[in-house]
Amino acid sequence: SNCSTRFKGKGKWVKRMGAFLFVVGGVLNFVSFSYAAQSLLASLGSVQFVSNVIFGKFVLGEKVFCRTWVATIVICTGNILIVYYSNRDTKEYSAKELMKAYTLDYRWYCLAAFVILIVVQRIYNYCGRLINAYEQKNFSAPNGYKIS
């Protein structure tokens, strides 16, 4: 591939540098939440998708389709709107105030979400077993390999 020829002989260095930058980025992202509103910073996490497109195009030499460029423009526009209209106030809550946020309604919501998760997982597993059984039942080997 284009990437393997471009970085030939630099594999370990590139991997280590990539891992280092990934870890540093994660730590800096975590630290940044103490300096700005979480609603602003969490939504700006979509910038990673823009960087994926740019690195894919210019570093890896991948083809970027028109649909991807349109999505990138939508992400950038959304981030501009978020920064422009976001709340810049930071409120600090005490432990007592945080505990008040966990009302009975919130607890019911968490329980309902957990039950839905279990039900959907059961349905997914059941459908997977049905598909596997169907594929095994309808599998027909070529005539030379059939055992009678």
Only one of (1) over 20 Å from the mean Cα position of the chain (by Cα); (2) among the hydrophobic types (A, V, I, L, M, F, W, C); (3) open to solvent by 100 Å² or more (accessible area, probe 1.4 Å) does not apply to V115, and that is (3)
Of the numbered conditions (1) closer than 25 Å to S43 by Cβ; (2) without any contact (Cβ under 8 Å) to a residue 12 or more places away in the chain; (3) loosely packed, with under 10 Cβ neighbours inside 10 Å; (4) not aliphatic (A, V, I, L, M), R88 fails exactly one; give the number of that condition. (2)
Under 7 Å between Cβ atoms, at least 6 apart or on separate chains: pull out the pairs that start in the range 49-66 with a residue that is open to solvent by 80 Å² or more (accessible area, probe 1.4 Å) and end on any residue that is at pLDDT below 90 and part of a helix (DSSP H, G or I). E62/G56
Going residue by residue through the range 92-104, is there one that turns out to be open to solvent by 70 Å² or more (accessible area, probe 1.4 Å), at pLDDT 85 or above, assigned to a helix (DSSP H, G or I) and closer than 19 Å to S51 by Cβ? no
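The values are calculated or read from the model by the stated rules, or taken from the named source; none is laboratory data. Please read these numbers as outputs of a predicted model, since none were measured by experiment. All Cβ positions, even for glycine, are placed from backbone atoms using ideal geometry, and neighbour counts span all protein chains on display. Heads up: the accessible areas ignore ligands, DNA and RNA and are worked out on the full protein's heavy atoms, side chains in. Shrake-Rupley method; radii C 1.70, N 1.55, O 1.52, S 1.80 Å.
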